[in-house]
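Engineer: Dumping the structure here so I can ask a few things about it.
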Amino acid sequence: MAGLMSRTSSVVKAWISKLLDRAEDPSVTLDYSYEKQLEMLQNVKRGVADVVTAKKRLELQTQKLEQELPKLDQQARAALSAGREDLARAALERKTVAQAQLQGLDQQITGLEAQQEKLLANEKRLSAKVESFRSQKEVIKAQYSAAEAQVRITEAATGIGEEMADTGLAIQRAQDKTEQMQARAAAVDELVESGALEDWTSGETSLDRELAQISTQSQVDDELAKLKGELAAGGAKKELEQ
Amino acid sequence: MIVRLMGEGQFQVSDDLLAQLNELDDKAQAAADANDEPELDRVLDEMWGLVQGDGERLADDDLHPSDVLIPPSDLSLEETQRLFSDQGLIPDIPAA
């Protein structure tokens, strides 16, 4: 077996044997290893909490953005009825950006949820192993000669070390993903905060710059036409009523 | 033999199954060397499917080390490479 599978497992084993070489007395090794396991378990719990917090934050942002959408609609409508097509266009552009962000956020929250579940399963498994190690270590200490104990310890510690490494990787991946999302979330925050559309005159150049990258032209055109149609229809209706 | 599906847990597999996995592992290695991520993902998924379908899950409190580890297909090539380097996956050895 020369492929991926053997390479990964030998990396783990190398790490474990280095760890075990540290102590010569089996009972010291056992206690040391158990201490490290508890530490790791704490880290895992913290990692899970971090991911949950990040998810909450993204959810809050989704809510904020959702509230922003009708406001932008209204503003576009108001701008258009005041004859300011340029402002209406800007508001609709912003709306399109917000919609795209919302979609991205939804996907990310779903992804984070899946990851959170996996982490919790990992945490549960690691806890069970740590607990099993704790009871075994007393048995090993009491019942085996030093040489025998060393063999048993190596096996038990490798088993649990592997679980620790695996869980550590899962946490690391979740945190990497969370960091990416937080960077994105910060960008969304900025978008929402700069979404105060009152100051049209001064805001417009920076607005143009921000949105220039995103091709929203056709959707905006469509929506603008729709709004115009609605306003025209409303106007015609009023004329008829009079 | 005991196989770990990384992030998922450990499974007991038969020698027959292991032989199949071994073949797939060669393919996975070839795909990884060729930077062919879609092929690598496909092979890894196939390996996961086999282990989950035909392997027997070990109890959570079982302390046996695995004979082989199989990474998940949703790792990026870069992550996989980091995993196979000397550091990365394995936490640093704590100072005594």
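The values are calculated or read from the model by the stated rules, or taken from the named source; none is laboratory data. Quantities reported herein were computed from a predicted structural model and do not represent experimental measurements. All Cβ positions, even for glycine, are placed from backbone atoms using ideal geometry, and neighbour counts span all protein chains on display.
Engineer: Run down A:ILE109, A:ILE153 and say which single residue is assigned to a helix (DSSP H, G or I), more than 28 Å from B:HIS64 (Cβ to Cβ) and either in contact (Cβ under 8 Å) with a residue 24 or more places away in the chain or out of contact with any Cys (no Cβ under 9 Å at 6 or more places or on another chain) (or both). Even if it seems obvious, please write down each step before you answer.
Structural biologist: On the way: A:ILE153 fails: more than 28 Å from B:HIS64 (Cβ to Cβ).
Of A:ILE109, A:ILE153, the one residue that is assigned to a helix (DSSP H, G or I), more than 28 Å from B:HIS64 (Cβ to Cβ) and either in contact (Cβ under 8 Å) with a residue 24 or more places away in the chain or out of contact with any Cys (no Cβ under 9 Å at 6 or more places or on another chain) (or both) is A:ILE109.
Engineer: Do you know which of the residues in the stretch B:50-74 that are modelled with pLDDT of 90 or more, buried (at least 19 other Cβ atoms within 10 Å of the Cβ) and not in a loop (DSSP other than H, G, I, E, B) is nearest to the other protein chains (Cβ to nearest Cβ)?
Structural biologist: The qualifying residue nearest to the other protein chains (Cβ to nearest Cβ) is B:VAL51.
Engineer: Let me ask something additional. For the stretch A:18-28, give me each residue that is within 11 Å of chain B (Cβ to nearest Cβ) and either assigned to a helix (DSSP H, G or I) or at pLDDT 80 or above (or both).
Structural biologist: Of everything in the stretch A:18-28, those that are within 11 Å of chain B (Cβ to nearest Cβ) and either assigned to a helix (DSSP H, G or I) or at pLDDT 80 or above (or both) turn out to be A:LYS18, A:LEU19, A:LEU20, A:ASP21, A:VAL28.
Engineer: Now, a different point. Any chance the stretch A:83-92 includes a residue that's surrounded by 14 or more Cβ atoms within 10 Å (Cβ to Cβ), in contact with a helix residue (DSSP H, G or I) (Cβ under 6 Å, 6 or more places away or on another chain) and under 24 Å from A:GLN180 (Cα atoms)?
Structural biologist: Scanning the stretch A:83-92 turns up no residue that is surrounded by 14 or more Cβ atoms within 10 Å (Cβ to Cβ), in contact with a helix residue (DSSP H, G or I) (Cβ under 6 Å, 6 or more places away or on another chain) and under 24 Å from A:GLN180 (Cα atoms).
Engineer: Still on this structure, please answer the following. Going through the stretch B:10-21 one residue at a time, which ones are in contact with a helix residue (DSSP H, G or I) (Cβ under 8 Å, 6 or more places away or on another chain) and under 21 Å from B:LEU40 (Cα atoms)?
Structural biologist: B:LEU17, B:GLN20, B:LEU21
Engineer: Report the residue count in the stretch B:37-49 for those that are farther than 11 Å from B:SER76 by Cα, more than 10 Å from chain A (Cβ to nearest Cβ) and of a type outside the set (Phe, Trp, Tyr).
Structural biologist: 5
Engineer: Could you tell me which numbered condition B:GLN81 fails, if it satisfies all but one of (1) at pLDDT below 80; (2) at the interface with another protein chain (Cβ under 8 Å from one of its Cβ atoms); (3) part of a helix (DSSP H, G or I)?
Structural biologist: (2)
Engineer: Okay, moving on. Mind counting the residues in the stretch A:102-149 that are surrounded by 15 or more Cβ atoms within 10 Å (Cβ to Cβ) and hydroxyl-bearing (Ser, Thr, Tyr)?
Structural biologist: The total comes to 3.
Engineer: Additional query: Here's a check for you: in the stretch B:2-49, which residue that is polar (S, T, N, Q), outside any helix (DSSP H, G or I) and farther than 23 Å from A:LEU119 by Cα is nearest to the chain's Cα centre (by Cα)?
Structural biologist: Across the stretch B:2-49, the extreme among qualifying residues is B:SER14.
Engineer: Pick from A:THR62, A:THR29: which is more than 30 Å from A:ALA165 (Cβ to Cβ) and touching a residue at least 40 places away in the same chain (Cβ under 8 Å)? Give the steps one after another, and end with the answer.
Structural biologist: Values: A:THR29 fails: more than 30 Å from A:ALA165 (Cβ to Cβ).
Going through A:THR62, A:THR29 in turn, the sole match is A:THR62.
Engineer: Condition first: over 17 Å from A:GLN175 (Cβ atoms), under 31 Å from the mean Cα position of the chain (by Cα), modelled with pLDDT under 85 and within 14 Å of another protein chain (Cβ to nearest Cβ). Can you find one or more residues in the stretch A:45-63 that meet it?
Structural biologist: Checked against the condition, which is being over 17 Å from A:GLN175 (Cβ atoms), under 31 Å from the mean Cα position of the chain (by Cα), modelled with pLDDT under 85 and within 14 Å of another protein chain (Cβ to nearest Cβ), the stretch A:45-63 yields no hits at all.
Engineer: Let me ask something additional. Restricting the search to the stretch B:1-36, which residues are closer than 20 Å to B:GLU79 by Cα, polar (S, T, N, Q) and more than 10 Å from chain A (Cβ to nearest Cβ)?
Structural biologist: B:ASN35, the sole residue that qualifies.
Engineer: Identify the single condition in (1) surrounded by 18 or more Cβ atoms within 10 Å (Cβ to Cβ); (2) closer than 28 Å to A:VAL51 by Cα; (3) at pLDDT below 75 that A:ILE160 does not satisfy, given that it satisfies every other one.
Structural biologist: (3)
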